[in-house]
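In what follows, a single structure is set out as structure tokens and then discussed.
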Amino acid sequence: MTETPLNGEYDDWLDAIEDGDGYYVECEAGHGWLPPRSVCPDCGSRTLHDEPLPDSGEIATHTTITVATPQFEDDAPYVTAIADFGPVSITGLVRGVDPEDVSMGDVVDIEVGERETTGERAVVFRPR
Amino acid sequence: MTDPRIAGAGVTQFGKHPERTGRDLFAEAGLEALDQSGVDPEDVEALYYGNFMGELAEHQGHQGPLMAEAIGIDAPATRLEAACASAGAAVREAVKTLRNGEAEVVVVGGAERMTNIGTAAATDALAIAADDLYEIRAGMTFPGAYALMARAYFDEFGGSHEDLAHVAVKNHEHALVNEHAQIQKEITVEDAMEAPTIAAPLGLYDSCPITDGAAAAVLTTEAYAEDNDLDAPVAISGTGQGGDNLALQDRPHLARTPAADKAAHEAYADAGIEADDVDVAEVHDCFTIAEVLAIESLGLFEPGEGIHAATEGTTTRHGELPVNLSGGLKAKGHPVGATGVAQLATIAWVLEGTHPRADAVPDASVGVAHNAGGTVASTTVHVLEVEE
């Protein structure tokens with residue numbers, strides 16, 4: 001159990017991903033964001049609601065990090081990617097695949113894993 | 001025109017000075033700038049100072065007054081923080097203050113102490129310029145962030161790591177005569193290609209070093225420079241600043257830097273110039289791909305064309321449009337909070353003809369300085385022009 005203070009809606013969002021109920025925040029004009037958001041940075045709308053996160057994303061770009069910060073020291077080398085889920089894109093760790101085999105456009109599932117170094121939660125993508 | 005004048009500038013040697021405090025570094029640069037300017041320190045009415053990670057590197061916040069004291073001026077002092085664009089933001093505030101008539105003489109500068117905490121802690125400190133919740137917790141580092149942009153760029157426009165190696169080779173060569181530079185070592189494309197990977201596709205030679213250093217400049221109104229018979233031929237004729245979503249994931253495009261487009265557009269309009277008028281540029285090449293993105297945003301190359309500029313020689317000191325004659329952040333070094341003012345000093349010295357690489361552009365009259373923060377969520381662009 002963590003004793004550090006939680007980061008409000010960010011941790012709620014991770015809980016939801018963990019439970020298979022991932023969501024994103026959408027404004028009336030259909031712009032998608034990740035929480036917490038009080039206003040849409042694109043159009044200024046303050047009428048935001050939750051929408052279910054599409055159940056798969058596509059890798060938009062990726063990197064294999066060999067020189068890590070101390071918080072990821074034992075994780076290195078690891079792959080960090082941005083995956084496009086349609087209305088939103090999300091940054092996460094790609095696992096369950098050899099780093100050499102990660103490619104642009106790969107379809108991935110999203111889940112919550114732990115950092116090997118600190119045990120803290122992290123967004124994880126797994127190629128299908 | 002009442003464009004602010006650069007009356008003097010000073011830059012420390014950029015490099016590893018782990019034992020030197022921030023105040024000591026800034027004193028060296030600031031006093032050199034004051035001495036060069038011929039301005040009476042009692043005339044200085046404000047200090048705008050850039051610093052990014054002072055709390056983390058030397059447990060020192062509230063650095064404005066500390067730095068004013070360090071250079072012996074009794075004036076209001078404010079620290080500005082915009083990640084790696086902190087000093088660029090400080091220049092912009094200084095320009096606005098002088099133009100508004102609120103002061104006749106200001107000092108602008110910045111300093112960063114980084115090597116005293118070691119590479120791992122410095123990497124960690126730099127990472128706080130990204131989105132902590134959505135990027136850092138997903139393992140993103142700064143080399144990693146630019147690697148994400150580089151791969152997206154290759155995917156959209158083509159180009160390769162070898163093209164980026166040419167950027168590194170060029171900037172290393174430019175720095176060979178720069179006594180302020182952290183790295184004065186010629187490298188080959190093969191050296192860059194074979195260097196250890198940091199964040200694929202970027203390797204060691206795609207990344208700027210971790211650097212201690214400071215830079216400062218004394219800026220005055222045109223009237224003050226004339227009344228006091230200062231030798232200040234270079235004016236800051238345009239200023240611009242642009243912003244973007246902090247996190248890469250929230251941007252519609254991963255291979256472009258619209259914050260820099262906006263800053264360039266504003267600065268050029270302010271100066272009454274076009275991109276075609278630019279003779280020389282210092283751009284924020286914290287990573288080789290960043291130079292490519294910068295020269296495209298500045299309108300010097302079309303999107304997708306910047307990747308070929310160094311390979312084809314256009315941006316070398318022998319080319320039509322030299323970029324980073326100082327060696328850039330890549331070879332000169334990148335003491336984060338000082339970089340924007342070091343760029344300003346370089347362009348001023350090149351336009352005056354006193355920089356060791358000024359012979360690359362003997363007829364240059366217009367230069368630009370592009371200073372970017374984070375993954376270019378903050379950018380300042382300044383246009384400098386020299387009196388004919």
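The values are calculated or read from the model by the stated rules, or taken from the named source; none is laboratory data. Since the structure is predicted, the reported quantities are computational estimates derived from the model, not experimental observations. Counting neighbours? That spans all protein chains shown, and the Cβs are built from the backbone with ideal geometry, glycine included.
Show the residue pairs meeting these rules: Cβ distance below 6 Å; 6+ apart or different chains; first residue within region A:42-55 and farther than 9 Å from A:GLY22 by Cα and modelled with pLDDT of 95 or more; second residue β-branched (Val, Ile, Thr) and assigned to a loop (DSSP other than H, G, I, E, B). What qualifies is A:ARG46/A:VAL39. So for region B:331-345 (the condition being in contact with an Asp or Glu (Cβ under 8 Å, 6 or more places away or on another chain) and over 30 Å from B:HIS17 (Cβ atoms)), does at least one residue qualify? No, region B:331-345 has no match at all. For region B:25-133, please list each of the helices (runs of 4 or more DSSP H) lying entirely inside it that holds at least 3 residues being among the basic types (Lys, Arg). The qualifying helices (runs of 4 or more DSSP H) are B:86-99.
The requirement of being among the basic types (Lys, Arg) and more than 18 Å from the chain's Cα centre (by Cα) is fulfilled somewhere in region B:21-37, by at least one residue. Among the residues of region B:137-152, those identified as part of a helix (DSSP H, G or I), within 9 Å of chain A (Cβ to nearest Cβ) and more than 21 Å from B:ASP191 (Cβ to Cβ) are B:ARG137, B:ALA138, B:GLY144, B:ALA145, B:LEU148, B:MET149, B:ARG151, B:ALA152.
The residue pairs whose first member lies in region B:284-304 and is under 15 Å from B:SER378 (Cα atoms), whose second member is outside any helix (DSSP H, G or I) and among the hydroxyl-bearing types (Ser, Thr, Tyr), and whose beta carbons are closer than 7 Å, counting only pairs six or more residues apart or on different chains, are B:LEU293/B:THR257; B:SER297/B:THR257. For region B:71-87, a residue qualifies if it is under 22 Å from B:ALA27 (Cβ atoms) and under 23 Å from the mean Cα position of the chain (by Cα), and the qualifying residues are B:ILE71, B:ALA77, B:THR78, B:ARG79, B:LEU80, B:GLU81, B:SER86, B:ALA87. For region A:76-113, the candidate set comprises residues that are part of a strand (DSSP E or B), of a type outside the set (D, E, K, R) and more than 9 Å from chain B (Cβ to nearest Cβ); within that set, the residue that is nearest to B:GLY139 (Cα to Cα) is A:VAL94. Taking A:GLU28, is it in contact with an Asp or Glu (Cβ under 7 Å, 6 or more places away or on another chain), over 22 Å from A:ARG128 (Cα atoms) and charged (D, E, K, R)? Judged against the criteria, A:GLU28 is not a match.
The single condition from (1) of a type outside the set (A, V, I, L, M); (2) within 14 Å of chain A (Cβ to nearest Cβ); (3) at positive phi that B:HIS161 fails is (3).
Does at least one position in region B:100-107 carry a residue that is surrounded by 24 or more Cβ atoms within 10 Å (Cβ to Cβ), under 20 Å from the mean Cα position of the chain (by Cα) and in contact (Cβ under 8 Å) with a residue 40 or more places away in the chain? Yes; the residues of region B:100-107 include at least one that is surrounded by 24 or more Cβ atoms within 10 Å (Cβ to Cβ), under 20 Å from the mean Cα position of the chain (by Cα) and in contact (Cβ under 8 Å) with a residue 40 or more places away in the chain.
Here the condition is being within 20 Å of B:ALA130 (Cα to Cα), loosely packed, with under 15 Cβ neighbours inside 10 Å and not aliphatic (A, V, I, L, M); of A:PRO5, A:PRO52, A:PRO41, A:PRO35, it holds for A:PRO41 alone. One residue is enough: does region B:195-211 have a residue meeting the conditions buried (at least 24 other Cβ atoms within 10 Å of the Cβ), away from every other protein chain (no Cβ under 14 Å) and in a loop (DSSP other than H, G, I, E, B)? Checked region B:195-211: at least one residue is buried (at least 24 other Cβ atoms within 10 Å of the Cβ), away from every other protein chain (no Cβ under 14 Å) and in a loop (DSSP other than H, G, I, E, B). Of the residues screened, B:ALA225 is not one that is assigned to a helix (DSSP H, G or I) and within 14 Å of another protein chain (Cβ to nearest Cβ). Do you know which of the residues in region A:47-75 that are in a loop (DSSP other than H, G, I, E, B) and either out of contact with any strand residue (DSSP E or B) (no Cβ under 8 Å at 6 or more places or on another chain) or within 17 Å of B:LEU246 (Cα to Cα) (or both) is nearest to the other protein chains (Cβ to nearest Cβ)? Selected residue: A:THR69. When we screen B:GLU266, B:GLU282 for residues that are among the acidic types (Asp, Glu) and more than 16 Å from B:ILE347 (Cβ to Cβ), the only hit is B:GLU266.
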